[in-house]
Protein chains: 4
Amino acid sequence: MGELRLTEISEAFPDRVEVRGCDLVGDLMGRVGFTEYVHLLLTGKEPTEDQRFFLDLLLVSIAEHGLMPSNVAARMTLAADPRSLQGAVAAGILGAGPVVLGASEECARLLEQAVAAGRDPAEVARELQAAGERVPGFGHPLHKPVDPRAERILELADERGVSGPHIAYARALRDAVATERGKPLTMNVAMPMAAVLLDLGFPVVAAKAVPVLARTAGLLAHLAEEQEHPIGFELAERAARTSG
Amino acid sequence: MGELRLTEISEAFPDRVEVRGCDLVGDLMGRVGFTEYVHLLLTGKEPTEDQRFFLDLLLVSIAEHGLMPSNVAARMTLAADPRSLQGAVAAGILGAGPVVLGASEECARLLEQAVAAGRDPAEVARELQAAGERVPGFGHPLHKPVDPRAERILELADERGVSGPHIAYARALRDAVATERGKPLTMNVAMPMAAVLLDLGFPVVAAKAVPVLARTAGLLAHLAEEQEHPIGFELAERAARTSG
Amino acid sequence: MGELRLTEISEAFPDRVEVRGCDLVGDLMGRVGFTEYVHLLLTGKEPTEDQRFFLDLLLVSIAEHGLMPSNVAARMTLAADPRSLQGAVAAGILGAGPVVLGASEECARLLEQAVAAGRDPAEVARELQAAGERVPGFGHPLHKPVDPRAERILELADERGVSGPHIAYARALRDAVATERGKPLTMNVAMPMAAVLLDLGFPVVAAKAVPVLARTAGLLAHLAEEQEHPIGFELAERAARTSG
Amino acid sequence: MGELRLTEISEAFPDRVEVRGCDLVGDLMGRVGFTEYVHLLLTGKEPTEDQRFFLDLLLVSIAEHGLMPSNVAARMTLAADPRSLQGAVAAGILGAGPVVLGASEECARLLEQAVAAGRDPAEVARELQAAGERVPGFGHPLHKPVDPRAERILELADERGVSGPHIAYARALRDAVATERGKPLTMNVAMPMAAVLLDLGFPVVAAKAVPVLARTAGLLAHLAEEQEHPIGFELAERAARTSG
């Protein structure tokens, strides 16, 4: 076995660290912000100003949303093992499944394929409805009739002139879903998140990486609070209580 | 049981999301970047310009460092369960233990106590040496005699005039450790990270939250790459190979 | 909210613990073995002698298989956080994905549906081949042309007279797969595991629970060894080494 | 690099699997039960009849205890990602921290050192009390004044004649703690579990491996139930509800 480069992302040497072909210490540190660095890590390139703006916007929009199940699970886990912040973060991240945060990945896949194939939104809506499945990116237990975060993302995409075919498709799909069902269904934050990422040239995989990174920040805030004001066991007790 | 506020961080309502007393959609989205939002989430306050600069700097400095054990574990986990990005991220984060990334938390605790108590660095170095324990924040398997990331953080702290008693203590401790051992020992990135956070008024808990968030970004980059160029099983096989 | 029973599995009272309607302390402890208890927990009933025998057999057959990726990931994780046995176990279990241990669940689902619908094995083999997908329960990187564990399970099922329609179907599928491909393909341990569980009346869900529980035992053995003879960092270094 | 044996536990070959020097397929499968196999995996030796009996007893005693925090966290995680049983198990296991299940490891360490050093139980109780710390193995939120599982373990250890110096020390410590505090404090299941394991020759590390393995079985039962009767989101909602 000879010389073999396993990863293109980074390599550490005794006197320097190379990341995506850049000198981490001499070039990146102090010059690029974390959001730009996340873009560089994920895609190999520094972001344009619009890519940076919307990456920031999406990370901010999705990082925190009250005492969600993943925050509850993380706080309960920290209560049981107060020394292991990383264990509690891991427990919380495991709750970022397709029902919750993974929807943005499904949305991105759906949008990418439908736009590339030039599919009729009405047909897509009909198929999803017929299959009896949860339509990715639609419906929200709390935000009705609209998810204000979703609307704000669309608005800013229009304002800054980045709305392209994927955002147009997301809107058309919303109308088609409403027509198919006979009444509107909330388009949640996952759909415009996926759409704007694709319109800005991000790969599909970013559509899940963004909410996972964002929610990690929210989890860390909850765990910092938990260390000062523990409620983890109280949360577990409330959950399991057999009478009100 | 009456009305009870369990968390001060955020609360979601049908038509809005409140985070740290701010309106997420109407105020924060599009105005603050992710780094500023992380600060707001963790501490309840928006950062000063220096706090923002150094939070960015530290997140960038620690997010990625080659094919580290946590990246290897995450890639192996994704290979075994390609649909579960969050499972692979969780597996990687579980490797952010005290030996690796938790050192910054130990450094922060050590610095905070030593500075508050006005302890003699020589005495602290002697005690750590006598206890035969790994000295938190010192030593690195690769970066010798200096960790270039650590030096750059100190340099920028001086340049921007934020170096205070914790950075001064970190430097004094480095000299004391060298004297005690009779030769220099690399001060790794964990120590100046902890020192600059404390000098900027961050709580001790931030000293672990920062590297956990940063490494999540690195993990997501490795997992995006793994989805395109899988090496997870190859890594596992190399690790377990009984002959070279 | 009135009285509400959330789970049928167990409930703890100040002076006793009730599990599946039995008195844990006064009845089960000291009378039933762990394998019988696992059956009671999972299904609500104590096992027949055959159910107990094969549950033991399957747990033993699948618990350990050398330095597998999940064991490697767990040992690397313990090296980074030596105090958190549970974190290392969790990291290892996360590698029990569909590519590795989840195959038994896919096998159980396939067998259950095919037997219930009376489908022609040749047709099923043709479809799987045509779909170009990995056929669940077939193929093994090491065990060729047969997986000795799989053969032993079939043998014991025959010897003890428990082989039923699902085991018959597994064998027929093996022949059909060989015919379809023009050469034999190893039937791995996942397929007879699923088949014998179904023939003994276990639910499909048991087909994944059994390997997860079994592998936890293997992980715990590796982590006990790791605590005495640490190789975690060595494994990570071998995996990431860029030249042989 | 020449031939190197990394682990003594097992090795897989094309036609066989060797575990602790035994032939898995030809010897162990069908002959040993899972509990005996767990002993072999963990210690390298098959258990005596007493070791097998108490390993079964302890695994049964600790596997399940109602809707505990770890079960709640696991069910919430499965609700968010219904395809990932292993992710939900991992989330649950992460809650097996020192406050909950790790206490048995602390108990084993305390007992081993105190018995080896011949320390006066009254002095140990005084020190623990003075340190103001939670005394490992004492106190229980529900089981008062006694933990029936703890009493049953002691009773069976006496009945079967395996009670030795560690069980004697556990009892003496209970009396000393009561004297020191002026009133009895529940000796919970962790203390006799640790004591009987040590008296039977198990290593300290087994004192944590046993509850982790046992709770995995409980978690799997809850997750099987969750797949049939989902309550995960309901549990999360109850936990986070701001008014009763």
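Quick notes on this structure:
- The stretch D:13-24, residues that are within 8 Å of another protein chain (Cβ to nearest Cβ) and surrounded by fewer than 22 Cβ atoms within 10 Å (Cβ to Cβ): D:F13, D:P14, D:D15, D:R16
- Filter result for B:A206 (within 14 Å of chain D (Cβ to nearest Cβ) and open to solvent by less than 10 Å² (accessible area, probe 1.4 Å)): no
- Some residue of the stretch A:30-42 being away from chain C (no Cβ under 14 Å) and aromatic (F, W, Y): yes
- Subset of the stretch C:1-46 [touching a residue at least 60 places away in the same chain (Cβ under 8 Å) and aliphatic (A, V, I, L, M)]: C:V38, C:L42
- Residue in the stretch C:26-43 that is touching a strand residue (DSSP E or B) at 6+ places or on another chain (Cβ under 6 Å) and modelled with pLDDT of 95 or more present: yes
- Among residues of the stretch C:57-98, those that are within 18 Å of C:R149 (Cβ to Cβ), in contact with a Pro (Cβ under 8 Å, 6 or more places away or on another chain) and in a loop (DSSP other than H, G, I, E, B), counted: 1
- For the stretch A:129-150, residues that are over 23 Å from A:L59 (Cβ atoms), outside any loop (DSSP other than H, G, I, E, B) and among the hydrophobic types (A, V, I, L, M, F, W, C) total 1.
- Residue match in the stretch B:72-94 (condition: aliphatic (A, V, I, L, M), surrounded by fewer than 24 Cβ atoms within 10 Å (Cβ to Cβ) and more than 16 Å from the chain's Cα centre (by Cα)): yes
- Search result, residues across the stretch C:167-197 that are crowded, with 24+ Cβ neighbours inside 10 Å and within 17 Å of the chain's Cα centre (by Cα): C:A170, C:M187, C:V189, C:A190, C:M191, C:P192, C:M193, C:A194, C:A195, C:V196, C:L197
- All of D:V204, D:V212 fail the test of being under 19 Å from the mean Cα position of the chain (by Cα), farther than 25 Å from C:L24 by Cα and of a type in the set (V, I, T), apart from D:V204.
- Where a residue in the stretch A:78-90 is among the charged types (D, E, K, R) and its partner, wherever it lies, is assigned to a helix (DSSP H, G or I), with Cβ under 8 Å and at least six apart: A:D81/A:G87; A:D81/A:A88; A:D81/C:Q86
- Conditions (1) open to solvent by 20 Å² or more (accessible area, probe 1.4 Å); (2) more than 9 Å from chain D (Cβ to nearest Cβ): number failed by C:P211: (1)
- For the stretch B:47-68, the condition of being open to solvent by less than 10 Å² (accessible area, probe 1.4 Å), within 14 Å of chain C (Cβ to nearest Cβ) and either under 30 Å from A:R238 (Cβ atoms) or in contact (Cβ under 8 Å) with a residue 12 or more places away in the chain (or both) holds for at least one residue.
- Some residue of the stretch A:216-227 being open to solvent by 20 Å² or more (accessible area, probe 1.4 Å) and either under 30 Å from D:G92 (Cβ atoms) or within 14 Å of chain C (Cβ to nearest Cβ) (or both): yes
- Filter result (closer than 25 Å to B:A207 by Cβ and among the hydroxyl-bearing types (S, T, Y)) within the stretch A:68-116: A:S70, A:T77, A:S84
- In the stretch D:95-103, the count of residues that are surrounded by fewer than 16 Cβ atoms within 10 Å (Cβ to Cβ) and of a type in the set (G, A, S) is zero.
- Which numbered condition B:R5 fails, given (1) at the interface with another protein chain (Cβ under 8 Å from one of its Cβ atoms); (2) surrounded by fewer than 20 Cβ atoms within 10 Å (Cβ to Cβ); (3) within 30 Å of C:V89 (Cα to Cα): (3)
- Residues of the stretch A:206-232 satisfying the condition of being basic (K, R) and farther than 16 Å from B:S10 by Cα: A:K208
- Some residue of the stretch A:111-129 being crowded, with 24+ Cβ neighbours inside 10 Å and farther than 28 Å from B:L94 by Cβ: yes
The values are calculated or read from the model by the stated rules, or taken from the named source; none is laboratory data. Everything quoted here is computed from the prediction, not taken from an experiment. As a convention, Cβ positions derive from the backbone with ideal geometry for all residues, glycine included, and neighbour counts pool all protein chains shown. Please note that ligands, DNA and RNA were not included when accessible areas were found on the heavy atoms of the full protein model with its side chains. Shrake-Rupley method; radii C 1.70, N 1.55, O 1.52, S 1.80 Å.
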